[in-house]
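Visitor: Following this message is one structure expressed as structure tokens.
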Amino acid sequence: MEEIKRLAEPIQGLRVLHLSATAFGGGVAEIQYTLIPLMHDAGLDVEWRVIHGQEEFFNVTKTVHNALQGDPRGLSTEDRAIFRRYNELNAAQLDDSDYDIIIIHDPQPVALIDHFPSSKAKWIWRCHIDLSTPNPDVIDFLVPSISRYDAMIFHLRQYIPDRPGLPPAFIWPPAIDPLAPKNMALSREDAAYILDQFGIDVERQLLTQVSRFDPWKDPLGVIDAYRLVKEKFPDVQLALVGSMAHDDPEGWDFYNRTLAYADGDPDIFILSNLNNVGSVEVNAFQVHSDVVIQKSIREGFGLTVSEGLWKGRPTVAGRVGGIVSQIRDRETGWLVESPEECARACIEAMSDPARANAMALKGKEDVRRKFLTPRLLRDWLVLFNRQLGNDTGGVDVEMVASV
Ligand code: UDP
């Protein structure tokens, strides 16, 4: 708090714009709900806008997202034209002279900057995904735009693209808000009351994965793992809770595939925001689970892992991306690769709940120190001060100069 107050003082009234692709669904929106009011409380004149786009644009941005995470499918000439056109349309609605700092989140609006060649604002690209092994065609398509920024931010050092001419990269992880309805203290009794309304038998064991219906989150692998756990614990239930983001056209296809894969198993509950699963309900599922799973195959950070640990729940998650920075394997949770490994970890946690809970409490302490929103606000304030040439009084964030 002291650091935040000190860092905020010289930049009172700073005009900051956040621009992102969606106001709902997924981790970016989740962070914005907290970060925007906090920046406002710190005395900044902060605004959050969402870009406009039709399905054709979001189909292309989904391809871009997948390609940046390593998918070999690239962009056609028409896709590139669509991407450029929507960035241009959105740029036309923006007056950059209204802001001192413009923060662009993720690749969807990254090319807006091309339309402001003599902007006086500082432009920052906050990338929330893993760019360590991108499809070269797609990263090379974006590099000319990225190079125009004053700074970029990644969750991890290894996500910085290996390309010359990029701006300095700042490294910090995202964070969860301990006071938000998603993470506030909720008793087991209240959680049970909520889960009962979704048909969950609150006397029987429960595994939960909360995530968008997306191949990288591997819900089908979670079902495989659950089936293996069920051989040992026949009463176990599985909840797959996933929201539908409007910039995620693949979501419905994958939701239907997941439903088909569950094959009518009455102990598998596939729920979404369309079943009224909002923040408090997600909280309840996490609080009441015997194991919180996040079996991602690729993951920028994976807020759900910090969310599970924050609730002191045994957490089993994919050994990928930012998850590795949140779980110390077999000390605070389990890092896994295959459905079999995932099942073994769940069985281990369920066979000795006292030990699993003790591990999770250690994980909670890690989250308290590293992954809560006050730290995130502080990191942003450091960057704003650095961009304006102010002294940060010895408080700093990791920076990697461009190649
Ligand atoms: N989330 C939610 N409801 C859902 C699915 C996800 O509220 O049905 C939230 C989840 O609790 C987390 C965020 O969306 O806060 C997902 O962030 P994460 O970093 O795990 O993954 P992303 O979606 O950004 O890839």
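The values are calculated or read from the model by the stated rules, or taken from the named source; none is laboratory data. Remember, predicted model here, so these are calculated numbers, not experimental data. Cβ sites come from the backbone with ideal geometry, for glycine too, and all protein chains shown count toward neighbours. Surface areas here come from the heavy atoms of the whole protein model, side chains and all, with no ligands, DNA or RNA. Shrake-Rupley method; radii C 1.70, N 1.55, O 1.52, S 1.80 Å.
Visitor: Is it true that some residue in the stretch 64-74 is part of a helix (DSSP H, G or I) and among the acidic types (Asp, Glu)?
Guide: So the first thing to find is which residues in the stretch 64-74 are part of a helix (DSSP H, G or I), and the list is 64-68.
Remaining after also requiring among the acidic types (Asp, Glu): none.
No: the stretch 64-74 contains no residue that is part of a helix (DSSP H, G or I) and among the acidic types (Asp, Glu).
Visitor: Out of (1) open to solvent by less than 20 Å² (accessible area, probe 1.4 Å); (2) more than 16 Å from the ligand (Cβ to nearest atom), what's the single condition that is false for Glu88?
Guide: With respect to (1) open to solvent by less than 20 Å² (accessible area, probe 1.4 Å); (2) more than 16 Å from the ligand (Cβ to nearest atom), Glu88 is out only on (1).
Visitor: Is the stretch 238-257 home to any residue that is over 21 Å from Asp214 (Cα atoms) and without any contact (Cβ under 8 Å) to a residue 60 or more places away in the chain?
Guide: Checked the stretch 238-257: no residue is over 21 Å from Asp214 (Cα atoms) and without any contact (Cβ under 8 Å) to a residue 60 or more places away in the chain.
Visitor: With respect to Arg49, is the statement that it is away from the ligand (no atom under 16 Å from the Cβ), more than 17 Å from Asp379 (Cβ to Cβ) and either within 20 Å of the chain's Cα centre (by Cα) or surrounded by fewer than 20 Cβ atoms within 10 Å (Cβ to Cβ) (or both) true?
Guide: Yes.
Visitor: Restrict the check to the stretch 283-298 and report whether at least one residue is open to solvent by 10 Å² or more (accessible area, probe 1.4 Å) and near the ligand (Cβ under 8 Å from one of its atoms).
Guide: For the stretch 283-298, residues open to solvent by 10 Å² or more (accessible area, probe 1.4 Å) and near the ligand (Cβ under 8 Å from one of its atoms): absent.
Visitor: In the stretch 318-338, what residues are under 17 Å from Pro353 (Cα atoms) and either within 16 Å of the ligand (Cβ to nearest atom) or assigned to a loop (DSSP other than H, G, I, E, B) (or both)?
Guide: Scanning the stretch 318-338 gives Arg330, Glu331, Thr332, Gly333.
Visitor: Out of Ile82, Ile31, Ile36, Ile4, which single residue is assigned to a helix (DSSP H, G or I), of a type in the set (Val, Ile, Thr), farther than 23 Å from Arg212 by Cβ and open to solvent by less than 70 Å² (accessible area, probe 1.4 Å)? Even if it seems obvious, please write down each step before you answer.
Guide: Numbers: Ile82 fails: farther than 23 Å from Arg212 by Cβ; Ile31 fails: farther than 23 Å from Arg212 by Cβ; Ile36 fails: farther than 23 Å from Arg212 by Cβ.
When all the criteria are applied, what remains is Ile4.
Visitor: Condition (residue is at pLDDT 95 or above, among the polar types (S, T, N, Q) and surrounded by fewer than 23 Cβ atoms within 10 Å (Cβ to Cβ)) applied to the stretch 395-402: is it met by at least one residue?
Guide: The answer is no; no qualifying residue exists.
Visitor: Also, I was wondering about something else. Can you find a residue in the stretch 284-303 that is touching a residue at least 40 places away in the same chain (Cβ under 8 Å), hydroxyl-bearing (Ser, Thr, Tyr) and within 27 Å of Ile171 (Cβ to Cβ)?
Guide: Within the stretch 284-303 (the criterion being touching a residue at least 40 places away in the same chain (Cβ under 8 Å), hydroxyl-bearing (Ser, Thr, Tyr) and within 27 Å of Ile171 (Cβ to Cβ)), the answer is yes, since at least one residue qualifies.
Visitor: With the structure loaded, tell me whether Ala317 is over 20 Å from the mean Cα position of the chain (by Cα) and not polar (S, T, N, Q) or whether it fails that test.
Guide: It is false that Ala317 is over 20 Å from the mean Cα position of the chain (by Cα) and not polar (S, T, N, Q).
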